[in-house]
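Remarks on the structure that follows.
The values are calculated or read from the model by the stated rules, or taken from the named source; none is laboratory data. No experiment lies behind these values; they were computed from the predicted model shown. As a convention, Cβ positions derive from the backbone with ideal geometry for all residues, glycine included, and neighbour counts pool all protein chains shown.
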């Protein structure tokens, strides 16, 4: 069995050269990044009782970024001292990520693989699954594989899109067809997962939900903020029991 959907991987491979163009095809993710990093680092500080605010406060934390793409999340967390491993099923994405990290003198381990195939000698403190489960072939296998890679009491972040009429209007018709933020066909609404469905899947794989938050875009300020509205984008932080 595999979590890799070859058609989904091809979509992102075709765009690989644009990962670090802030005004290119991945502009939405660049805009999305500050709120994701703020949420993740805040939860990590609390979960691991980190009191320091120095520049490398994640220096004792081993992080796995699943579906890392060109490294948009891996790099900021490495800059904060995290020991980061990024994996992606697209070889082109990994090449772009490696090149960009090297250019910026960042020590990040990038591997062209998927969670069920990853072999490790030491489990991770943190796993990031950001905007990836809606592209996975087998979500159950995906989460089960992540469980095997995470330390006991480790924390996992899973961010995805809710399967609602609102998400269809905003994430597909709005973002792909009207605003052209994303290439048409980037998302398949039928693969979006409702929060209660994802929580059930996580629970079945022995994860306990810590927190769930909506992430909402403000078109006036062009910024994202946290919200209790889970109708489109949301993120779940969960702990391995």
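In this structure, does residue 136 turn out to be closer than 28 Å to residue 175 by Cβ and touching a helix residue (DSSP H, G or I) at 6+ places or on another chain (Cβ under 6 Å)? Considered against the rule, which asks whether it is closer than 28 Å to residue 175 by Cβ and touching a helix residue (DSSP H, G or I) at 6+ places or on another chain (Cβ under 6 Å), residue 136 comes out as yes.
The criterion of at least 1 residues that are surrounded by fewer than 17 Cβ atoms within 10 Å (Cβ to Cβ) is met by the following strands (runs of 3 or more DSSP E) wholly inside the stretch 80-161: 109-111, 150-161.
Among the residues of the stretch 193-205, what is the count of those that are surrounded by fewer than 18 Cβ atoms within 10 Å (Cβ to Cβ) and assigned to a loop (DSSP other than H, G, I, E, B)? Qualifying residue count for the region: 1. Only one entry in 215, 230 is at pLDDT 95 or above, part of a loop (DSSP other than H, G, I, E, B) and either under 17 Å from residue 28 (Cα atoms) or touching a strand residue (DSSP E or B) at 6+ places or on another chain (Cβ under 6 Å) (or both), namely 230. Residue check: is residue 15 surrounded by 18 or more Cβ atoms within 10 Å (Cβ to Cβ) and farther than 14 Å from residue 131 by Cβ? No, not satisfied.
Among the residues making up the stretch 162-192, those that are part of a loop (DSSP other than H, G, I, E, B), modelled with pLDDT of 95 or more and surrounded by fewer than 20 Cβ atoms within 10 Å (Cβ to Cβ) are 163, 164. Take the conditions (1) in contact with a helix residue (DSSP H, G or I) (Cβ under 9 Å, 6 or more places away or on another chain); (2) under 30 Å from residue 60 (Cβ atoms); (3) buried (at least 18 other Cβ atoms within 10 Å of the Cβ); residue 208 misses just one of them, which is (3).
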